[in-house]
Amino acid sequence: GNYDFGQATPPPGVYNWTLVSAGNLHSCGLRNGTLLCWGSDSHGQATPPALPTGVAWTAVTAGLLHTCGVATDGEAYCWGESALNRIYVLPRGDEVRWASLSAGNEHTCGRLASGRLSCFGFNGEGQLAVSTAPYVRFEEDGVSS
């Protein structure tokens, strides 16, 4: 493969990874609740946001030009390229707690702690399988374009 951006070379001297996710030209990993990303940061995809004091990362998923993560408080965050709605404004609030996320090239799906599914992003190839609209946000009990 092409490793020109360092995406296959994790930070030196960092061990005991608990989770890793490889995107197109960047990678991210979790170690003791700390999120580290390396490789290309051309769209901000390798620069995670700062979390509130006392909150740590529990999950990370790297897409083509975006990255998403879940924090210990159940909040989900996405950063990087937003042109194709990859980082759609996620549902937030006391009733919304995220359990996991999985990023594709231009879309992301996640499972809420309630067991519901939510997907958002580009739907040009029907990857969200819920609508023919090119940009869509899907929740298990309905579709909003």
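The values are calculated or read from the model by the stated rules, or taken from the named source; none is laboratory data. Note that this is a predicted model, so its numbers are computed, not measured. Positions of Cβ are generated from backbone atoms using ideal geometry, with glycine treated the same way; all protein chains shown enter the neighbour counts. Accessible surface areas use protein heavy atoms only, side chains included; no ligands, DNA or RNA. Shrake-Rupley method; radii C 1.70, N 1.55, O 1.52, S 1.80 Å.
For segment 103-112, enumerate the residues that are open to solvent by 70 Å² or more (accessible area, probe 1.4 Å) and either closer than 15 Å to residue 70 by Cα or at pLDDT below 85 (or both).
So in segment 103-112, the residues open to solvent by 70 Å² or more (accessible area, probe 1.4 Å) come out as 105, 111.
Result: 111, single match.
Table: residues versus (1) hydroxyl-bearing (Ser, Thr, Tyr); (2) modelled with pLDDT under 90; (3) within 19 Å of residue 7 (Cβ to Cβ); (4) open to solvent by less than 30 Å² (accessible area, probe 1.4 Å).
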position	(1), (2), (3), (4)
32	no, no, no, no
36	no, no, yes, no
45	no, no, yes, yes
61	yes, no, yes, yes
65	no, no, yes, no
68	no, no, yes, yes
73	no, no, no, no
86	no, yes, yes, yes
97	no, yes, no, no
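Filter the strands (runs of 3 or more DSSP E) completely within segment 1-75 down to those with at least 1 residues that are closer than 17 Å to residue 103 by Cα and touching a residue at least 40 places away in the same chain (Cβ under 8 Å).
Qualifying strands (runs of 3 or more DSSP E): 19-22, 26-31, 57-62, 66-71.
Of all residues being among the aliphatic types (A, V, I, L, M) and in contact with a Phe, Trp or Tyr (Cβ under 9 Å, 6 or more places away or on another chain) in segment 47-59, which is least open to solvent (accessible area, probe 1.4 Å)? Just the residue, please. I'd like the intermediate steps shown before the answer.
Applying the first criterion (among the aliphatic types (A, V, I, L, M)) to segment 47-59 yields 50-51, 55-56, 59.
Okay, now just the ones that are also in contact with a Phe, Trp or Tyr (Cβ under 9 Å, 6 or more places away or on another chain), so 51, 59.
Working: 51: 37, 59: 18 Å².
Across segment 47-59, the extreme among qualifying residues is 59.
Can you confirm whether residue 25 is buried (at least 19 other Cβ atoms within 10 Å of the Cβ), touching a Ser or Thr at 6+ places or on another chain (Cβ under 8 Å) and farther than 20 Å from residue 111 by Cα? Break it down stepwise before answering.
Numbers: buried (at least 19 other Cβ atoms within 10 Å of the Cβ): yes; touching a Ser or Thr at 6+ places or on another chain (Cβ under 8 Å): yes; farther than 20 Å from residue 111 by Cα: yes.
So residue 25 fits the description; yes.
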